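Report on the following structure.
What follows draws every value from the coordinates through simple rules; no lab data is involved. Remember, predicted model here, so these are calculated numbers, not experimental data. Positions of Cβ are generated from backbone atoms using ideal geometry, with glycine treated the same way; all protein chains shown enter the neighbour counts.
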């Protein structure tokens, strides 16, 4: 099991796809309005298809846009399919993330940094725990994410977080509380998406500015039923933390296997463009959790 260009050189259905669908009994019937609330009520900056199976968010010179989930989650497999801004999208930032309430919040980030035409999209991931972030990693995506929908998600449990693209792991973040590093495990998080102007920093450190003549910028979303997490009601996390019955608590999901490690290392070796662990200007000594988050073969 691998993906094109990986060490295995084989295209196959991923481990996550098979196990998650079988164990979770995923349904694909939920609509956008059943799962989310739009941040705009003008009917333009958040556009929902009549059947509720697709939504688009729009950035123009009038406003940015976005939406947030009706539910809060603690652990699970949270994913959605996204098609990004095509063409010259330099300066745009599409944020897709889980976040708890402030202050001292927890957050798991996907940020898609727009590009000049012909350049690769940059995907930045980040982890916040108890208000502390600064754990950015950036990769160039190996496909055109504006040409079609691709799945982006996180498998999140008490022991590890795995960021995935098309159900294949791209980043591992282990629970390192034993090393004194906070880990997101007690604060319910909602799922949010937004599209906004980040040209002060996003593309080549802010050197390339957003070209408004290409507006409106549009990002599309679908498959709103793949939010397979433990729903927190009335801020009571006990049903999510006191049970061992959720599929993501099974032993198979507490560590990664060799094949998954190979996939993560393939991404790091071929597409990684930034890793906070290697940034000696920010950190004179490598953060203690870094060695733990590099998969071992």
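Going by a ≥ b ≥ c, the root eigenvalues of the Cα gyration tensor, does the stretch 195-286 fall in the rounded group (a/c under 1.5), the prolate group (a/b larger than b/c) or the oblate group? It is oblate, given that a/c is not under 1.5 and a/b is not larger than b/c.
Could you please state, rounded to a whole Å, how far the C-alpha centre of the stretch 47-81 is from the C-alpha centre of the stretch 186-207? Cα centres, the stretch 47-81 to the stretch 186-207: 14 Å. Put simply, when 223-233, 163-173, 269-279, 178-188 are sorted by average Cβ atoms within 10 angstrom per residue, most first, you get 163-173, 223-233, 178-188, 269-279. Per-residue extension of 0.36 nm, minus the Cα-Cα distance of residue 244 and residue 142, leaves a gain of 33.0 nm for this segment.
Would the chain count as rounded, prolate or oblate if I go by the C-alpha gyration tensor, calling it rounded below 1.5 in a/c and otherwise prolate when a/b exceeds b/c, oblate otherwise? Mind dumping the intermediate values first?
Working: a/c = 1.38, a/b = 1.14, b/c = 1.21.
Verdict is rounded for the chain.
Site pair residue 41 and residue 213 shows an inter-label distance of 3.8 nm when each label is modelled 7 Å from Cα along Cα→Cβ. With R₀ set to 22 Å, the beta-carbon distance separating residue 104 from residue 254 gives a calculated FRET efficiency near 0.25.
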